[in-house]
Amino acid sequence: LLAPIEDFCGKIKACKDYQTNDNFVLVARTEALIAGKSNEEALKRAHAYVEAGADAILIHSKLKHADEIIKFAKDW
């Protein structure tokens, strides 16, 4: 079960609103692939997180090969 995109974006915005150090980097992790969701869902979430202020995206997969991650990276 994934948290609603809006909830996660709210947390990202809150972190960035209170950022006091320009060296602080906020990395948002999407667990869409881990949760068995599609690449499209992972991309939708990643784009929303960047729009909310994330400086970087972390994506990961349960698979023992990199196919899902490579596809995400190419589509990104």
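So which residues in the range 32-58 are assigned to a loop (DSSP other than H, G, I, E, B) and crowded, with 18+ Cβ neighbours inside 10 Å? Before you say what the answer is, go through the steps one by one.
Kept after step one, since they are assigned to a loop (DSSP other than H, G, I, E, B), are these residues of the range 32-58: 32-38, 53-55.
If the condition is that a residue be assigned to a loop (DSSP other than H, G, I, E, B) and crowded, with 18+ Cβ neighbours inside 10 Å, then ALA32, LEU33, ALA54 are the ones that fit.
Does the range 59-66 contain any residue that is at negative phi, open to solvent by less than 50 Å² (accessible area, probe 1.4 Å) and in contact (Cβ under 8 Å) with a residue 12 or more places away in the chain? The answer is yes, given that some residue of the range 59-66 is at negative phi, open to solvent by less than 50 Å² (accessible area, probe 1.4 Å) and in contact (Cβ under 8 Å) with a residue 12 or more places away in the chain.
Reported count of residues in the range 2-29, each being assigned to a loop (DSSP other than H, G, I, E, B), more than 17 Å from LEU43 (Cα to Cα) and open to solvent by 60 Å² or more (accessible area, probe 1.4 Å), is 7.
The values are calculated or read from the model by the stated rules, or taken from the named source; none is laboratory data. Everything quoted here is computed from the prediction, not taken from an experiment. Here Cβ is always computed from backbone atoms with ideal geometry, including for glycine, and neighbour counts include all displayed protein chains. Protein only, heavy atoms only, side chains kept; ligands, DNA and RNA dropped before computing areas. Shrake-Rupley method; radii C 1.70, N 1.55, O 1.52, S 1.80 Å.
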